[in-house]
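Data first, discussion second: the structure below is written as structure tokens.
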């Protein structure tokens, strides 16, 4: 069974989708990410979709569901690497990604997450 790796970086989780995201894999990612959030108590989730050429309505809803689940579990979601054609298609289909912030690339997304979620891994401890 295919799985998308979920890496923990401090208080953040990094999901880099490097394969086409079909319906079953999207559901698996949703389940795996929920379990990882529960185990790690991460404060932010960065999802890199730069390898995706197509985001259909089911995948769009799945991404929105992931963000909703993360929010309920006290984490912020940032989506990065959206191709212009994907953005145009999503707008034309009337899809919205409620609860998901976006950034152009991983570097900008991580900076945004650290600013919003307050990555405790980078903060100095106080006595």
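When the residues of segment 96-119 are narrowed to those that are at pLDDT below 85 and surrounded by 13 or more Cβ atoms within 10 Å (Cβ to Cβ), which ends up nearest to residue 10 (Cα to Cα)?
119
From the list 33, 46, which one is touching a helix residue (DSSP H, G or I) at 6+ places or on another chain (Cβ under 9 Å), touching a residue at least 60 places away in the same chain (Cβ under 8 Å) and either on the phi < 0 side of the Ramachandran plot or assigned to a loop (DSSP other than H, G, I, E, B) (or both)?
On inspection, the qualifying residue turns out to be 46.
Could you please find all residues in segment 16-28 being surrounded by 15 or more Cβ atoms within 10 Å (Cβ to Cβ) and touching a helix residue (DSSP H, G or I) at 6+ places or on another chain (Cβ under 7 Å)?
The answer is 21, 26.
Out of (1) in a strand (DSSP E or B); (2) closer than 17 Å to residue 57 by Cα, the odd one out for residue 15 is which?
With (1) in a strand (DSSP E or B); (2) closer than 17 Å to residue 57 by Cα applied to residue 15, the lone miss is (2).
Answer yes if at least one residue in segment 81-95 is in contact (Cβ under 8 Å) with a residue 24 or more places away in the chain, surrounded by 17 or more Cβ atoms within 10 Å (Cβ to Cβ) and within 15 Å of residue 4 (Cβ to Cβ), and no otherwise.
yes
The values are calculated or read from the model by the stated rules, or taken from the named source; none is laboratory data. The structure displayed is predicted, hence computed values, not measured ones. We place every Cβ from the backbone using ideal geometry, glycine too, and count neighbours over all the protein chains shown.
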